[in-house]
Structures are given as C-alpha cells and as structure tokens.
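Since the structure comes first, as structure tokens, the remarks are kept for the end.
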Amino acid sequence: MQFLNGTFFSRDCRKVYVDDCASHNSIPEKSKLKWKKPNPEWKIGGKGEGRTAEPGGDGKFIEEAPREGQATVFDLYLDNSVRPVFRKDRHVLRPEYVPSKLPHRDNEIDQLASILVTALKGGRPSNILIFGKTGTGKTACIKYLQKEIDKKSSADYQKVHCTYINCQIVDTEYGILASIGNMFVKDWNERIPFTGWPTEKVYNHLREKMDEVGGIALIVLDEIDKLVFKSGDDVLYHLTTLNEDLKNAKMSIIGISNDSKFTELLDPRVQTRLGEERMVFPPYNAQELLDILKQRSGLAFEENSLDEPVISLCAAFAAQEHGDARRALDLLRVSGELAERERSSKVTERHVWKAKDKIELDVQMELVKTLPTQSKLLLFGIILKSEESLTIQTTGEVYDIYRELCYRTNTQPVSQRRITDLISELDMLGLINARVRSFGRGGRTREIQLSVNVPDTKKALYDDEVVRELMDYSSSQQRLI
Ligand code: ADP
Ligand code: MG
C-alpha cells in the first residue's frame, strides 16, 4: 500500500482507501480503512505514472486525464500540409524485405537454382558454401530461392522443406539441432525443449522426425562462421553425416558467410563435405547499386520526392564502402528520415551527406561497444587525457592513466607490451591515430591522438558496466603511481 494525501491505495492502485483520521506516518491496517471506487479521471504522474488516486495535495503527482482532440507533441509531425516523402511501405528499404526481383544477381541465382533443382526431382543437392562481403545479396538471394522452391514444391514435385537459421542468433549445437528438429515436429508435445535434453537425444529425435516426414530438407545456416567461432564444428560434423542415418529423408546444407577464414577452423572431413559446391558473391559497383536503389526507391518514396543526385550519391558512397547494397539502402532510408524530421517534402543531397555522417557515427559507436573491456578502459583513458588538453599523448602517458583506471575499477591491468598491441588495434579500427616517432639513440615512442567524437564515444563506453563506474572520475584525481 502507498500513502498520498490522506489516501491509501493498493500496490496496483486499483483500490483506494480513505482514512478518516487524517495524517499518518505509517500505513494503518487495511481492515480499519473504508475503500472506495477510484475516479477514473484521476491519474498519478511521476514514478507511478498512470495510476489512479485522489486529487489535491502537492499537485505534483496529479495529472489531467487525456482528452480527445487535445494538442500533442506529435502534431507538428502529423501535419498533413507537408507532402510526405515516404509512401506507406517504407519498410521495403529495410534489410529484411525480400524484393521480387534482384537486379545483377541473375548469374548467382541461376547457378544456385541449377544445384537446388535436384531437390525438386527427389535427389539430394550438393551442400553449398556461399561467401561474399556484407550487403552483396547472399541472404536476399537465398530467401528469394526459398520462395521459388516453395512455389514449385507441391504435388507435381518432391516436397522440399527449407529451413533458414541465422547463426548469429542460434549459435550453439543444441540450438541448431533443436531448431531443425522442431521444423519437423507436428505435435506440440513432441517439441524439443529450449534446453535440458542430452545432445544425443536431440539428434535422435531430429533424425526420427525427419524420417517420419520424409522428403528433402534444405538447411540454410546463414552467418555460419559465427556458429563455428562460438561452438566449433561438432554440429556441422553431425549434420553432414546425418544422411547416412536417415532412411526416408535426405538433407543438404547451405552455409553462408562473410568470412572465408572460418573454414580453416573446420575438421578437413567437414570442410570437404560442406564445400561440395562453393560460390562467391562479388561486391556491386556504383552502377549496379544505382539500379538496386532505383528499384527500391520507386516502391518506398512518393513521386518527385527525391532530388536528382540523391540516388547516385547514395550509390557512390556505398560503392566506395565495398559495394554494399545494405549500406546504399540504409543511406537512402536515413536521408529520407532526416528530410521527414525536417518536415521537408524533398530529400536533397544535403540529407545524404548528413545521413552518411550519422551512419558512420552509428557504426563507429557500435564498434566501441563491442571492444573488450581492457581496450575500453584504454580508450577512456586517452579521452580523459585529451580532455586535459593533451591532444597528443605518448604510450607511457596512456599506460599510466590506463593503470589508474584499472585500479579505480578493480580490474587486473595487462602489461605495457599488451597495451602497445591494443593501441595498434584501436589505430587499425580508426578510433585513434598512433604514429611511431623516433628520437636519438634508437628511442621510439608512439604519438597517440583521438579520432573519435568525445561525447558520443563516452556515451558508448558507459554502456560497459566497468567503465560506467568511472562516470564521475576526472584525470585530475589521478594518483601518482
Ligand atoms: P548479405 O546477406 O550479403 O550481407 P543481403 O542479402 O542482406 O546481404 O542484402 C542487403 C540488402 O541489400 C537487403 O536489403 C537486400 O534486399 C538488398 N539487396 C542486395 N542485393 C540486392 C539486389 N541484387 N537487388 C535488390 N536488392 C538487393
Ligand atoms: Mg546476410
């Protein structure tokens, strides 16, 4: 129960009790209070937002109930007098949308179709490994082919079951086996639980259920490298040998990855089985990106809402990036959102430049958030020193402040040698600029300079609970060590 201005209300605030004898410092027994129906018009704001209570008192907690037609903070943006830049289906610019046509991927789609058609004829297609940088259309092509297979996989052709798993989300052996197994379970009671079964039992259940259903199973393991880095190749070994144990079903695996190096971690037998066919998706050039953007912008934007150079600028920026269609589409979407926020009826070149800065900053901050804690402490130290107007720092100065921050956060510091490596890593990631400077008699040091925006980087660093402890710390408090 809570007390407010002579009134007690239950924890969920549904019941209001009125105390006749006025002030209390403690909450009286419930039985001694009369309870009355709350007036739905009364609301408590602040911490207990939206709760019903008696009005009056200090007024701080009392809020007016919303009335229809009242002015709101959204009105400016809901104003119909400004012509919108987006159509209703702006989601077509999102990465998860699968377009009905994929320009400049005809060759790749044909090649995959020529391998996968075996499934429709009742045979087991070869396992395939697909490589290519981010945004080269690997996921989009596979999802497109999955739809095409579903259209054909009917009475006339062999039933093909396509299962798509993103290994960034499901990255354990158990998770993968359970996800595949449950695709073939019809009765809810027979589903494999999220955890708890021995792996052997999951594997056997999966095999039995696949055999019960029969047909051909195509298992897509997108971002397969994440699975191998996290959980090793045992699950791939089991899956690639599964066909030997299946009687009534057959299975093929399509592995997709941005990083071809992961195959070096595979047992040679798994490597051979998994890579029966290999394909590489090349990056798009600026002209190809332009075609992709034209197709999507027609669906997402109102007519005449894009200034002439907008699309070509987005394509050019993304081509510089490494031919990444996702980056091109993100640039276009964010440019549109910035124009919308400014209540402009046209997306202009200026919005694209702003979108580029915004996306680059988001990417950089994401990078900061994924650094190991030691590197975060190091970067935080460099920031603190730079705030002290030491724009250029030496390795020694940086190591001192780093050790101090470790001391303040009860973190075990790493050696100065290791810190030199971490400095090189931060340099490679473009977060700092570290130049080696030689001085007399073979002495060498590094001159370290920040290359990030300080307030945003600090905010990203405070996401880490260790760095957060240093929120109120300033390097002037540094002990002499
Ligand atoms: P990857 O899996 O290679 O990282 P995606 O398939 O996720 O890349 O593609 C990223 C974005 O670009 C998605 O929105 C996708 O629809 C789009 N895209 C990629 N290639 C094409 C293409 N050829 N035509 C149309 N859109 C494409
Ligand atoms: Mg992908």
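Quick one: which residues, 5+ away or cross-chain, put their amide H under 5 Å from the amide H of residue 164? H built at 1.01 Å from N.
It is 220, by chain and number.
Apply the Karplus parameterisation 6.51 cos²θ - 1.76 cosθ + 1.60, with θ equal to phi minus 60°, to every residue of segment 252-268 and state each ³J(HN,Hα) to the nearest whole Hz, in sequence, with x for glycine and proline.
After applying 6.51 cos²θ - 1.76 cosθ + 1.60, I find 10, 10, 10, x, 10, 8, 8, 10, 6, 5, 4, 5, 5, 7, 8, 4, x Hz.
Averaging sequence separations of C-alpha pairs under 8 Å and six or more residues apart, then dividing by the length of segment 88-166, give the relative contact order as a whole percent.
Computed over segment 88-166, the figure is 32 percent.
Cut-off under 17 Å on the C-alpha distance; same-chain residues fewer than 8 positions from residue 294 excluded. Which aspartates and glutamates are left, in chain and number order?
Result set, ordered by chain and number: 89, 302, 303, 307, 308, 324, 330, 349.
Positive end of the dipole of segment 371-477, charges at C-beta (+1 Lys, Arg; -1 Asp, Glu), about the Cα centre: which of 443, 474, 411 has its Cα farthest in that direction?
Value computed over the given set: 443.
Applying the Karplus parametrisation 6.51 cos²θ - 1.76 cosθ + 1.60 with θ = phi - 60° to the phi angles of segment 301-314, what ³J(HN,Hα) value in whole Hz is obtained for each residue in order, glycine and proline being reported as x?
Taking θ as phi minus 60°, the curve returns 10, 5, 4, 6, 9, 10, 5, 3, x, 4, 5, 5, 5, 4 Hz for segment 301-314.
Over segment 106-280, calculate the relative contact order: mean separation of alpha carbon pairs under 8 Å at least 6 apart, over the residue count, as a percent.
Contact order relative to length: 33 percent.
In debye, nearest 20, what is the charge dipole magnitude of segment 273-383 about its Cα centre with +1 on Lys and Arg Cβ and -1 on Asp and Glu Cβ, if you could check?
400 debye
State, as an integer percentage, the relative contact order of segment 371-477 based on alpha-carbon contacts under 8 Å between residues 6 or more apart.
33 percent
Of the cross-linked pairs 101/261; 133/369; 354/459; 152/186; 138/230, which ones have a Cα-Cα span greater than 29 Å in the structure shown?
Too far apart for the 29 Å limit: 101/261.
Return 167, 141, 314, 406 ranked ascending by Cβ neighbour count within 10 Å, so the fewest neighbours appear first.
Least crowded to most crowded, the residues run 406, 141, 167, 314.
Near the amide H of residue 302, under 5 Å away, which other amide H atoms are found, from residues 5 or more places off or on another chain, if H is placed in the peptide plane?
86, 87
Non-local amide H neighbours of residue 127 (under 5 Å, H modeled in plane, Pro and chain starts lacking H): which ones?
Under 5 Å from the amide H of residue 127: 253, 276, 277.
Using the Cα centre of segment 338-434 as the reference point, and only Cβ charges (+1 on K/R, -1 on D/E), how large is the resulting charge dipole? Debye, rounded to the nearest 20.
280 debye
Only the coordinates and a few stated rules stand behind these numbers; no lab work does. These numbers were taken from a predicted model, which means no experiment stands behind them. No Cβ is skipped: glycine too gets one built from the backbone with ideal geometry, and neighbour counts run over all protein chains shown.
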